[in-house]
Amino acid sequence: MSWAYAVAAVHALAVVLMLTGALLALRWPRLVLLHAPVAAAILAVNLAGAPCPLTEWELALRERAGAGPYAGGFLGHYAFTPLGLEVAGPGVQAGIYTVALLPNAVGYGLLTARAVRSRGSAGWRRPEPDGSPRSSPPAASGGPRLTRLPSSCSWRPASVPLPLTVGQDTPPSPDRCTAPSGPHAAPVFPRRRPRPR
């Protein structure tokens, strides 16, 4: 019977990951690599109307241990039946899909907006005082010219107080990016290099 409880615990963790994974990925972006396949598998099983493999496994282990099976699926048995709700009811089903889809839509929407925003501004900075040839044309509004940094650096000019001095605006070294220093300067970290495949 303890194996059945272990499968039920894993099943509960999968449900919690399904509900909160996209929002947690805002803090830990690599969690998307775990959340996306789990969420897609759970969604596919629910949309297909197929029985959940974890529920089937738990029921088989309960039967082998001599305990009786339960009806209503995992959520019905552990969450809705104790509350007096019928899992097959349309209101409960609408609630399940709303509670499952809303945090995921919000989380993935925010992750997408963050990715688009960071791609548009990461890696650009003011040109060198000596007029470095790697600068972009002046902005249409007469604003500053921007220079592309090496791909190993990530630095946003919006976080730098103006005006910049010559000592603050130096080219980055290959191992470490340099940025303006001072009380208002944002920390600069080298980008992680992709792992070889």
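No lab work stands behind these numbers, since they all come straight from the coordinates. In this text the structure is predicted, and so the values were computed from the model without any measurement. For neighbour counting, all protein chains shown are included, and Cβ atoms are generated from backbone atoms with ideal geometry for every residue, glycine included.
Going through (1) closer than 18 Å to M1 by Cα; (2) surrounded by fewer than 12 Cβ atoms within 10 Å (Cβ to Cβ) one by one, Y70 falls short only on (2). When we screen A39, A44, A22 for residues that are more than 19 Å from G95 (Cβ to Cβ) and in a helix (DSSP H, G or I), the only hit is A44. Annotation note: of Y78, Y70, Y108, Y97, the sole residue that is of a type in the set (F, W, Y) and not in a helix (DSSP H, G or I) is Y70. For A65, state whether it is exposed (fewer than 15 other Cβ atoms within 10 Å of the Cβ), touching a Phe, Trp or Tyr at 6+ places or on another chain (Cβ under 9 Å) and in contact (Cβ under 8 Å) with a residue 40 or more places away in the chain. Yes. Each residue in segment 25-57 was checked for being without any contact (Cβ under 8 Å) to a residue 60 or more places away in the chain and in contact with a helix residue (DSSP H, G or I) (Cβ under 6 Å, 6 or more places away or on another chain), and 8 of them qualify. Only one entry of A14, A4, A22, A36 meets the criterion of being surrounded by 13 or more Cβ atoms within 10 Å (Cβ to Cβ) and in contact with a Gly (Cβ under 7 Å, 6 or more places away or on another chain), and that entry is A22.
Within segment 82-95, being out of contact with any helix residue (DSSP H, G or I) (no Cβ under 9 Å at 6 or more places or on another chain) and surrounded by 13 or more Cβ atoms within 10 Å (Cβ to Cβ) holds for Q93, G95. Residues considered: R27, R62. Of these, the only one that is out of contact with any Asp or Glu (no Cβ under 7 Å at 6 or more places or on another chain), among the charged types (D, E, K, R) and not in a helix (DSSP H, G or I) is R27.
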